[in-house]
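J.: If you scroll down you'll find the structure; I have some questions about it.
Derivation of every value follows stated rules applied to the coordinates shown; laboratory data play no part. Owing to the predicted nature of the structure, the values given are computational and were not obtained by experimental measurement. Cβ atoms come from the backbone with ideal geometry, glycine included; neighbour counts cover every protein chain shown.
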There are 2 protein chains.
Amino acid sequence: MNDFDESIERLIEYFRTLPGVGKKTAQRYAFSIIEGEKLRAENFASAIVEAKEKIHFCKECGNYTSQEICPICESRDKKVICVVKEPKDIIAMEKIKSYSGVYHVLFGTISPLENRGPNDIKIRELLNRVQQNNVTEVIMATNPDVEGDATAMYIAKLLKPFNIKVTRLAQGVSIGSDLEFADEVTLERAMQSRREID
Amino acid sequence: MNDFDESIERLIEYFRTLPGVGKKTAQRYAFSIIEGEKLRAENFASAIVEAKEKIHFCKECGNYTSQEICPICESRDKKVICVVKEPKDIIAMEKIKSYSGVYHVLFGTISPLENRGPNDIKIRELLNRVQQNNVTEVIMATNPDVEGDATAMYIAKLLKPFNIKVTRLAQGVSIGSDLEFADEVTLERAMQSRREID
């Protein structure tokens, strides 16, 4: 490794900055670049620079976009807002093809442990949107963990005076999974939220 | 995903060209670029272009290098040649800090199944090096699989007339592994090559 060329080392180092990439994987990536076509390397490089240059957050909802307002805010029903923690959560939610509302990215959750209070995430912006757009429903889709639950509760309380529907994604055992492997908290929640079969 | 921005899609696509990278992983990589510093994206991009531009194969041994002759060929004992299948195998072998000889990359192994004969890999070049440098030992370090073994045998036969030592990496159970999980071929080979304890 020490007799290795500087420009390979540098490329390996950069691949290692990607999430979850260790030394071996970074090496494999680097070799794939070196052994691949020159044009691919050039296009790859320009795709990185271009994405970083063009993509920013939608002024309305916080989604990734290259325009001022993202295509979702541009075209969909603004009366229903789905609140998520991070922009990438929008991609996950968009798998539900039937959802026709818009989103609101909080850019974090309330976390006393990490010294993050309500003013450090985009709650005020959410309240403004609720007021301005005659919103009828806010769906809290923060993660089903302690911080996500607490943040959802907190925002639900703030929205009380607006007299609108505030909902939370259902929590329970996931479809197609095996009960045997479900953790106790999930099972308990699934039991509490059980529904009558009709 | 369809409402997704074109420049993110393009970046995700390029990350997917890396070995073993699926859609989810490529997305995570792309988001990491978008959420990271601008300078990092630019340096990452230039590292890709630079590595591809500068790195080629050493004229002598086939190792990756940015010079004409790689640092290993430049500085080490040319009388011992370790023969490997690919340039990246050199990195693996270099973990043995005590090896002071040089390398020879075959760029493949003989494979009738894939229509690759002795003339399709760098065997002639190896013979030339053996002749020119008064080589005393050739270590066959092709992979311990059918093709690697066959290629090692074939080359060993060609080297017979030179009257030099031709060796093969020892094959057996790997250090620190569990016998329980060793496959039968490895165990058989380890049994055949067993050594007396003294």
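J.: Roughly how big is the range B:6-54's charge dipole about its Cα centre, with Cβ charges of +1 (Lys, Arg) and -1 (Asp, Glu), in debye to the nearest 20?
T.: Around 220 debye, computed over the range B:6-54.
J.: Oh, and also: Select the chain A residue whose beta carbon lies nearest to the rotation axis carrying chain A onto chain B, and write the distance in whole Å.
T.: Result for the axis mapping A onto B: A:Ala45, 2.
J.: Among the GluC sites (Glu not before Pro) in the range A:90-198, which ones are in a DSSP loop with at most 13 other Cβ atoms within 10 Å of the Cβ? Mind listing them? Could you put the intermediate results ahead of the total?
T.: Numbers: sites: A:Glu94, A:Glu114, A:Glu125, A:Glu137, A:Glu147, A:Glu180, A:Glu184, A:Glu188, A:Glu196; in loops: A:Glu94, A:Glu196.
Here the GluC sites (Glu not before Pro) that fit, given the DSSP loop and packing criteria, are A:Glu196.
J.: Using a label position 7 Å from Cα in the Cα→Cβ direction, what is the ascending list of nm distances from A:Thr17 to the same site in the other copies?
T.: 2.1
J.: Using a label position 7 Å from Cα in the Cα→Cβ direction, what is the ascending list of nm distances from A:Ile175 to the same site in the other copies?
T.: 5.3
J.: How long are the three semi-axes of the equivalent ellipsoid for the range A:6-54, computed from the Cα gyration tensor as the root of 5 times each eigenvalue, in whole Å, largest first?
T.: Three semi-axes, in Å: 18, 15, 9.
J.: On to the next question. Identify all aspartates and glutamates with a Cα-Cα distance to B:Lys165 below 12 Å; exclude those on the same chain that are fewer than 8 residues away in sequence.
T.: B:Glu137
J.: Next question. Using the structure shown, select from A:Lys24/B:Lys24; A:Lys79/A:Lys122; A:Lys54/A:Lys97; A:Lys38/B:Lys59; A:Lys52/A:Lys88; A:Lys59/B:Lys38 the pairs with a Cα to Cα distance greater than 24 angstrom.
T.: Listed pairs above 24 Å: A:Lys54/A:Lys97.
J.: Considering only the label points, 7 Å along Cα→Cβ from Cα, what distances in nm to one decimal separate A:Lys95 from the same position in each other copy, shortest first?
T.: 3.6
J.: Comparing B:Val102, B:Val130, B:Val49, which has the greatest mean-square fluctuation in the GNM of chain B with Cα pairs linked when under 10 Å apart?
T.: B:Val49
J.: Further question on the same structure: Evaluate the charge dipole of chain B about its Cα centre and quote only its size in Debye, nearest 20, assuming +1 on the Cβ of each Lys and Arg and -1 on the Cβ of each Asp and Glu. Kindly include the intermediate steps, with their values, before the conclusion.
T.: Details: 28 positive and 31 negative charges, 169 e Å.
Value, rounded to 20: 820 debye.
J.: Hey, another quick one. Where the eigenvalues come from the Cα gyration tensor of the protein assembly as shown, what are the semi-axes √(5λ) of the equivalent ellipsoid, largest first, in whole Å?
T.: So the equivalent ellipsoid measures 57, 27, 17 Å along its semi-axes.
J.: Give the relative contact order (percent, whole number) for the range B:6-80; include only Cα pairs under 8 Å separated by 6+ residues. Don't skip to the answer; put the middle values down first.
T.: Working: 43 pairs, mean separation 10.5, N = 75.
Averaging sequence separation for qualifying contacts and normalising by length gives 14 percent for the range B:6-80.
J.: Apply the Karplus curve 6.51 cos²θ - 1.76 cosθ + 1.60, θ = phi - 60°, to the phi angles in the range A:171-182 and return the couplings in whole Hz, x for Gly and Pro.
T.: Working through the residues one at a time gives 10, x, 6, 7, 5, x, 8, 10, 3, 3, 9, 6 Hz.
J.: Here's a follow-up. What does the convex hull of the alpha-carbon atoms of the range B:1-85 project to on average, in nm²?
T.: With the hull built on Cα positions only, its mean projection is 8.0 nm².
J.: Hey, what does the equivalent ellipsoid look like for chain A, semi-axes from the Cα gyration tensor as sqrt of 5 times each eigenvalue, largest first, whole Å?
T.: The answer is 39, 24, 17 Å, longest axis first.
J.: Rank A:Leu39, A:Leu158, A:Leu126 by mean-square fluctuation in a GNM of chain A with C-alpha springs under 10 angstrom and give only the top-ranked residue.
T.: Largest GNM mean-square fluctuation: A:Leu39.
J.: Here is a further query. Hey, can you grab everything whose amide H is under 5 Å from the amide H of A:Met140? Only 5+ residues off in sequence or another chain; H modelled, so Pro and N-termini drop out.
T.: Here the answer is A:Val83, A:Thr167, A:Arg168, A:Leu169, since their amide H atoms fall under 5 Å of that of A:Met140.
J.: Got a sec to turn the phi values of the range B:164-169 into Karplus ³J(HN,Hα) couplings, 6.51 cos²θ - 1.76 cosθ + 1.60 with θ = phi - 60°, whole Hz, x for Gly and Pro?
T.: Per residue, the Karplus-derived 3J(HN,Hα) values read 10, 6, 10, 10, 10, 4 Hz.
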